[in-house]
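Following this message is one structure expressed as structure tokens.
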Amino acid sequence: MQYADTLKEFIMAELLDSRYYTILSQKAPNKETTRIFKNMANDEYKHAKRFAAAYFLITGKTYFPSYNELPPVIVPSYKEALRDRYMAQSKDAIKYPLFAAQTTDPCLKHMAIKTGNDEEKHAEIIYELIENLV
């Protein structure tokens, strides 16, 4: 039960990231970039589901807010969004391994490491998109 609140925060953050990438995909300059952001939106949604499953296993309760329950997501211009997303994904690539190092639960440790690796890959992809802008 000690991880319940943290998992709720992770679920909410991943759902908001999913929504952000969905909106960003509509601002993408071409079909390839649109595909990239739709894939990232899907990855973030899967992360939320992963943490929601862990939440259920720990608490016996379900927690998965609907899109109507999420706060609005404001996506700036494409260039600013890339910068924002690079910073956010880089922070998440650190946040999840730190959580993994602090937990004694092997299942949560594995989930957090896996999610952190995914976030690091997202940051790398976004960095490549930024390189193509300059």
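No value in this document is a laboratory result; all are computed from the given coordinates. Note that the structure is a prediction, hence the values are computed from the model and not measured. Methodologically, a virtual Cβ is constructed for each residue, glycine included, from the backbone with ideal geometry; neighbour enumeration extends over all protein chains shown.
Once Rh for the chain is found with the Kirkwood sum over Cα pairs, what is the Stokes-Einstein diffusion coefficient at 20 °C and 1.002 mPa s, in µm²/s? Before the final figure, lay out each step's value.
On the way: Rh = 15.3 Å.
Reported coefficient: 140 µm²/s.
What's the center-to-center distance, using Cα atoms, between the range 36-60 and the range 65-134 in Å?
12
Fully extended, how many nm does the chain gain between Asn39 and His110 (0.36 nm per residue separation, minus their Cα-Cα distance)? Write out the running numbers ahead of the final one.
Numbers: separation 71, 0.36 × 71 = 25.56 nm, distance 2.21 nm.
Value of the extension gain: 23.4 nm.
Continuing with this model, one more query. Past the 27 Å Cα-Cα mark, which pairs from Lys49/Lys109; Lys49/Lys79; Lys46/Lys91; Lys8/Lys79; Lys31/Lys109? If you can, show how the numbers build up before the last one.
Values: Lys49/Lys109 16 Å; Lys49/Lys79 29 Å; Lys46/Lys91 19 Å; Lys8/Lys79 30 Å; Lys31/Lys109 36 Å.
Cα-Cα > 27 Å for Lys49/Lys79; Lys8/Lys79; Lys31/Lys109; rest within.
Hey, another quick one. What nm value, rounded to one decimal, do you get for the distance between Tyr63 and Tyr78 when each label is placed 7 Å out toward the C-beta?
Using points 7 Å along Cα→Cβ, the separation is 3.8 nm.
Please rank Arg35, Arg85, fewest neighbouring Cβ atoms within 10 Å first, as an exposure proxy.
On the way: Arg35 12, Arg85 23.
With the fewest neighbours first, Arg35, Arg85 line up as Arg35, Arg85.
Which order do the peptides 110-116, 53-59, 16-22 come out in when sorted by mean C-beta neighbours inside 10 angstrom, highest first? Could you put the intermediate results ahead of the total?
Values: 110-116: 19.0, 53-59: 16.1, 16-22: 21.1.
In decreasing order of mean packing, 110-116, 53-59, 16-22 become 16-22, 110-116, 53-59.
Please give the net charge around Ala81, taking every other residue with its beta carbon less than 13 angstrom from that of Ala81, where Lys and Arg add +1 and Asp and Glu add -1. Walk me through the intermediate numbers first.
Values: positive: Arg19, Lys27, Lys79, Arg83, Arg85; negative: Asp17, Glu80, Asp84.
Net of charged neighbours comes to +2.
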